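Report on one structure; see the data block that follows.
The values are calculated or read from the model by the stated rules, or taken from the named source; none is laboratory data. What you are looking at is a predicted structure, and each value in this text was computed from that prediction instead of being measured. Using ideal geometry, Cβ is built from the backbone for each residue, glycine included, and neighbour counts are taken over all protein chains shown.
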Amino acid sequence: MNRRIRRTGLVIVTLFLVLFAQAVWLQVFSAERLYENQANTYRQIVAEYEVDRGNILARDGKTRLAFSQPTGREFDYIRRYPAGDLFAPITGFYSLVYGRTNLEQSFNPYLSARSDDLLATNIWDQLLGKTKQGASIVSTIDDDLQRIASQQLQGRPGAVAAIDPRTGDVLALVSVPSYDPNALSSHEPRSVRKAWDRYNSDPQKPMVSKANQELYPPGSTFKIITASAALENGYGPESTWPNPPALDLPQSSATLQNFGGSHCNGGSATITLQQAFTQSCNVTFGEIGLELGANALNAQAEAYGFNQDIPFQVPLVTGNFPEPSYFDERQPAVALSAIGQDEVSANPMQMAMAASAIANGGVLMQPRLVSAVIDPAGREIQGAAPAAVAFGRPISSRTAAQLTTMMVQVVESGTGTAAQIQGISVAGKTGTAQHGQGLDPHAWFVGFAPAQDPKVAVAVVVLDGGDLGREATGGAVAAPIAKAVMQAALEKKP
C-alpha cells in the first residue's frame with residue numbers, strides 16, 4: 001500500500017513539474033516568439049488588455065495620473081486618465097489602435113507586467129489563477145505645480161518646465177494646448193480614429209509637447225549662455241564694453257539695436273557686463289558674441305546640452321546652436337546668435353536645464369521623470385528607475401556664482417521685476433524673441449529660487465505674445481507665470 005501511495009505521489013509531483021516547466025518555457029523562452037507571431041495579433045491585443053496595467057503616479061506616490069479600470073467586457077481593462085489633458089505630455093496615451101507613447105511606452109515592460117523583474121510574481125499569480133498585474137511607476141511630477149503652471153498659462157499657447165536643480169527631477173512639464181488621452185484609450189476604434197484625426201489636423205499640434213518636443217528662438221534668455229561664455233573666458237561682471245546706440249554688423253549694412261531702439265545705460269559711452277545683462281542690451285551682447293567668436297559660443301551652448309543627445313524618459317528635442325562652420329560666411333549671425341536669434345532654438349526643458357545648472361553650482365543634472373517602480377506587492381524594484389546623475393559641468397562654480405548675482409539683479413531692478421517673491425531672492429532672465437516677419441514675439445522667462453539655496457528652476461514660454469501680442473515682453477507676460485510656479489514650489493512641505 002505504501003509503495004502505491006509513493007508511486008502515485010511521484011507521478012503527481014512529476015506531472016506538476018512537467019506543467020511547471022511547460023509554463024516556464026512558454027512564459028520565458030517562447031514568450032517573445034509567440035508574442036511576435038502575426039497570427040496571434042488579435043490574441044495579443046486581448047491578452048494585453050487582460051493585464052491590470054500598473055498605475056502612473058505623481059511625485060507623492062498616491063495621486064494617479066493613469067490607471068486601468070475593469071470593464072467586464074471583451075477587453076478586460078480600459079486605460080483612464082483622470083486629469084484629462086493636464087498630464088498628457090508626461091503619461092502619453094495607451095491606445096487599442098495607435099499603441100503607446102511617452103511613459104506608457106518607455107516603461108511598458110513594467111506597466112504591462114512583461115519585465116523579467118516581474119517573472120516570479122507572474123508565474124505565482126498564474127498558478128493561483130489571479131489577474132496578471134503590472135508594476136506602478138512613481139513619476140517626479142508634482143501634481144499641484146502642474147495644475148498651477150497650466151492655470152497660469154490661462155489657455156494661451158505656451159509651455160512651462162520646472163526642475164529640481166539638485167537632482168534633475170522634473171517637477172512640472174506643461175504644454176498648452178494639450179490633448180485628452182482618454183479619447184485615444186477608448187475601446188471603440190471608430191471614435192479613437194476620429195479623435196486622432198481631430199488632434200493631428202489641429203494647426204496648434206496639441207499632441208506635440210511645446211515644453212520638450214518643439215523648438216523656438218529663446219531670445220534674450222540665451223544671454224545666460226553668452227554671459228557664461230564671457231565669464232568662462234575671463235570677462236568679469238565689471239568688464240566694460242562700448243555702448244553705441246546700435247551695432248554695425250560686419251560684412252553687412254545692417255545694424256543690431258536694443259529692444260525698442262533704446263540706448264542702454266542712459267546713453268553713456270561704456271557699459272559693464274552686469275549692466276548690459278540687467279538691462280538686456282542686445283548691442284552689448286552682440287559685441288560680446290563677435291569678440292568671443294562662433295567657436296566659443298558653440299562650445300558653451302553644447303556644454304549646456306544644446307545639440308546633445310540627453311537621456312530622458314519621454315521624447316526630448318534638445319536646443320540647437322549652429323556649428324561654427326555655419327558662421328564662416330555669416331559673420332552678422334554671430335552677433336544675432338549671441339542674443340538667441342538667427343538659427344538658435346530651444347524649448348522650456350532646455351532652458352530650465354540651463355538655469356538649473358547655474359543654480360546647482362555649475363553642475364547640470366540629467367533630467368528624469370520617474371523616481372521609482374513599485375511591484376504589485378508594494379516593493380520597489382531596485383534599478384528599474386534611473387538614479388539622479390550629473391550630465392556634465394557647463395561652467396565653473398565661480399561662474400555660476402557670478403551669474404547668479406547677475407540674474408538676481410535682473411529680478412531686483414532690471415527687466416524681470418515681475419518675478420519678485422516677497423522675502424525670497426529670485427534669479428532670472430527675461431526674453432522677447434522675434435520669430436518671423438510681422439509675427440508677434442514669443443515671451444520667455446527663465447530663473448530659479450531661492451537664489452542662494454535653489455529648490456526649483458523654471459522656464460516659461462508664451463507663444464506669439466499671448467494676450468499682449470506685439471506689445472508682449474518676457475518680463476510682462478512670462479515672468480509672472482514663473483513667479484507663481486516658483487512660489488508654489490517653495491511653499492510645498494519638504
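From Gln133, Gln151, which residue is without any contact (Cβ under 8 Å) to a residue 12 or more places away in the chain, more than 17 Å from the chain's Cα centre (by Cα) and either surrounded by fewer than 18 Cβ atoms within 10 Å (Cβ to Cβ) or closer than 25 Å to Ser95 by Cβ (or both)?
Numbers: Gln133 fails: without any contact (Cβ under 8 Å) to a residue 12 or more places away in the chain.
Step by step, each of Gln133, Gln151 is checked, and only Gln151 is without any contact (Cβ under 8 Å) to a residue 12 or more places away in the chain, more than 17 Å from the chain's Cα centre (by Cα) and either surrounded by fewer than 18 Cβ atoms within 10 Å (Cβ to Cβ) or closer than 25 Å to Ser95 by Cβ (or both).
Just one of Gly361, Gly340 is part of a loop (DSSP other than H, G, I, E, B), among the small types (Gly, Ala, Ser) and under 15 Å from Leu403 (Cα atoms); which is it?
Sole residue among the options that is part of a loop (DSSP other than H, G, I, E, B), among the small types (Gly, Ala, Ser) and under 15 Å from Leu403 (Cα atoms): Gly361.
Looking only at the range 465-494, count how many residues are surrounded by fewer than 24 Cβ atoms within 10 Å (Cβ to Cβ), under 21 Å from Asp143 (Cα atoms) and touching a residue at least 60 places away in the same chain (Cβ under 8 Å).
Residues flagged as surrounded by fewer than 24 Cβ atoms within 10 Å (Cβ to Cβ), under 21 Å from Asp143 (Cα atoms) and touching a residue at least 60 places away in the same chain (Cβ under 8 Å) within the range 465-494 amount to 7.
Scanning for something under 24 Å from Gln402 (Cβ atoms), polar (S, T, N, Q) and out of contact with any Gly (no Cβ under 8 Å at 6 or more places or on another chain), does the range 312-330 turn up at least one residue? Working first, answer last.
Step one: of the range 312-330, the residues under 24 Å from Gln402 (Cβ atoms) are 319, 321.
Cutting the leftovers down to polar (S, T, N, Q) gives us none.
No, because not a single residue in the range 312-330 is under 24 Å from Gln402 (Cβ atoms), polar (S, T, N, Q) and out of contact with any Gly (no Cβ under 8 Å at 6 or more places or on another chain).
Of all residues in the range 101-113 being crowded, with 21+ Cβ neighbours inside 10 Å and under 17 Å from the mean Cα position of the chain (by Cα), which is nearest to Glu188 (Cα to Cα)?
The residue in question is Glu104.
Somewhere in the range 391-414, is a residue more than 30 Å from Ala120 (Cα to Cα) and in a strand (DSSP E or B)? It would help to see each step written out before you state the result.
Step one: list which residues in the range 391-414 are more than 30 Å from Ala120 (Cα to Cα), which gives 391-414.
Subset that is in a strand (DSSP E or B): 391-392.
Within the range 391-414 (the criterion being more than 30 Å from Ala120 (Cα to Cα) and in a strand (DSSP E or B)), the answer is yes, since at least one residue qualifies.
Any chance the range 419-427 includes a residue that's assigned to a helix (DSSP H, G or I), at pLDDT 95 or above and surrounded by 20 or more Cβ atoms within 10 Å (Cβ to Cβ)? Working first, answer last.
Taking the range 419-427 first, the residues assigned to a helix (DSSP H, G or I) are 419.
Subset that is at pLDDT 95 or above: 419.
Now narrow it down to the ones that are surrounded by 20 or more Cβ atoms within 10 Å (Cβ to Cβ): 419.
Checked the range 419-427: at least one residue is assigned to a helix (DSSP H, G or I), at pLDDT 95 or above and surrounded by 20 or more Cβ atoms within 10 Å (Cβ to Cβ).
Quick one: how many residues across the range 255-266 are without any contact (Cβ under 8 Å) to a residue 40 or more places away in the chain and hydrophobic (A, V, I, L, M, F, W, C)? Give the derivation first.
First, the residues of the range 255-266 that are without any contact (Cβ under 8 Å) to a residue 40 or more places away in the chain: 255, 257-258, 260-266.
If we keep only those that are hydrophobic (A, V, I, L, M, F, W, C) as well, we get 264.
Residues flagged as without any contact (Cβ under 8 Å) to a residue 40 or more places away in the chain and hydrophobic (A, V, I, L, M, F, W, C) within the range 255-266 amount to 1.
Pull out all pairs, ordered by first then second residue, where Cβ-Cβ is under 6 Å, the residues are six or more apart or on different chains, the first lies in the range 349-374 and is over 29 Å from Pro109 (Cβ atoms), and the second is hydroxyl-bearing (Ser, Thr, Tyr) and outside any strand (DSSP E or B).
That search, which allows pairs on different chains as well, returns Met351/Thr221; Ala354/Tyr304; Gly361/Ser397; Gly362/Ser396; Gly362/Ser397.
Is the range 304-320 home to any residue that is in a helix (DSSP H, G or I) and at pLDDT 95 or above?
Our first condition is that a residue be in a helix (DSSP H, G or I); within the range 304-320, this holds for none.
No - not one qualifying residue is present in the range 304-320.
List the number of the failed condition for Ala183; all other conditions in (1) small (Gly, Ala, Ser); (2) farther than 30 Å from Ser371 by Cβ; (3) in a helix (DSSP H, G or I) hold.
If we test Ala183 against (1) small (Gly, Ala, Ser); (2) farther than 30 Å from Ser371 by Cβ; (3) in a helix (DSSP H, G or I), just (2) comes out false.
Table: residues versus (1) over 23 Å from Asn320 (Cβ atoms); (2) in contact with a strand residue (DSSP E or B) (Cβ under 6 Å, 6 or more places away or on another chain); (3) without any contact (Cβ under 8 Å) to a residue 40 or more places away in the chain.
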site	(1), (2), (3)
Lys210	no, yes, no
Gly219	no, yes, no
Lys223	no, no, no
Ala229	no, no, no
Asn243	yes, yes, no
Ala246	yes, yes, yes
Ser253	yes, no, yes
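Here are the criteria: (1) among the hydrophobic types (A, V, I, L, M, F, W, C); (2) within 30 Å of Thr404 (Cβ to Cβ); (3) not in a loop (DSSP other than H, G, I, E, B). Tell me which single one Ile141 does not satisfy.
Single failed check for Ile141: (3).
Would you mind stating whether Asn320 is free of Cβ contacts under 8 Å to residues at least 60 places away in the same chain and either of a type in the set (Val, Ile, Thr) or surrounded by fewer than 21 Cβ atoms within 10 Å (Cβ to Cβ) (or both)?
On the way: free of Cβ contacts under 8 Å to residues at least 60 places away in the same chain: no; either of a type in the set (Val, Ile, Thr) or surrounded by fewer than 21 Cβ atoms within 10 Å (Cβ to Cβ) (or both): yes.
Taking the combined requirement at face value, the residue does not satisfy it.
For every residue, the table says whether it meets (1) touching a Phe, Trp or Tyr at 6+ places or on another chain (Cβ under 8 Å); (2) surrounded by fewer than 18 Cβ atoms within 10 Å (Cβ to Cβ).
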site: Pro189; (1), (2): no, yes
site: Gln204; (1), (2): no, yes
site: Thr221; (1), (2): yes, no
site: Ala230; (1), (2): no, no
site: Ser239; (1), (2): no, yes
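So, Asp453, is that one more than 16 Å from Phe222 (Cα to Cα), in a loop (DSSP other than H, G, I, E, B) and of a type in the set (Asp, Glu) or not?
Numbers: more than 16 Å from Phe222 (Cα to Cα): yes; in a loop (DSSP other than H, G, I, E, B): yes; of a type in the set (Asp, Glu): yes.
So Asp453 fits the description; yes.
For the range 350-379, name all the residues that are within 16 Å of Gly319 (Cβ to Cβ) and not aliphatic (A, V, I, L, M). First the steps, then the outcome.
Of the range 350-379, the ones within 16 Å of Gly319 (Cβ to Cβ) are 350-358, 364, 366-367.
Hits for the range 350-379 are Gln350, Ser356, Gln366, Pro367.
Being more than 23 Å from Arg193 (Cα to Cα) and outside any helix (DSSP H, G or I) is the filter here, so list the residues in the range 96-126 that pass it.
Once the filter is applied, which keeps residues that are more than 23 Å from Arg193 (Cα to Cα) and outside any helix (DSSP H, G or I), the range 96-126 yields Phe107, Ser112, Ala113, Arg114, Ser115.
When you look at Ala377, is it modelled with pLDDT under 95, buried (at least 20 other Cβ atoms within 10 Å of the Cβ) and either assigned to a strand (DSSP E or B) or among the small types (Gly, Ala, Ser) (or both), yes or no? Reasoning before the result, please.
Details: modelled with pLDDT under 95: yes; buried (at least 20 other Cβ atoms within 10 Å of the Cβ): no; either assigned to a strand (DSSP E or B) or among the small types (Gly, Ala, Ser) (or both): yes.
In short, no.
Does Lys194 meet the test of being modelled with pLDDT of 95 or more and on the phi < 0 side of the Ramachandran plot?
On the way: modelled with pLDDT of 95 or more: yes; on the phi < 0 side of the Ramachandran plot: yes.
Taking the combined requirement at face value, the residue satisfies it.
So that you can scan it fast, the table gives a plain yes or no per residue for (1) within 19 Å of the chain's Cα centre (by Cα); (2) surrounded by 15 or more Cβ atoms within 10 Å (Cβ to Cβ):
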{"site": "Asp52", "(1), (2)": "no, yes"}
{"site": "Asn55", "(1), (2)": "no, yes"}
{"site": "Asp76", "(1), (2)": "no, yes"}
{"site": "Tyr81", "(1), (2)": "no, yes"}
{"site": "Asp85", "(1), (2)": "yes, yes"}
{"site": "Ala88", "(1), (2)": "yes, yes"}
{"site": "Leu96", "(1), (2)": "no, yes"}
{"site": "Gly99", "(1), (2)": "no, no"}
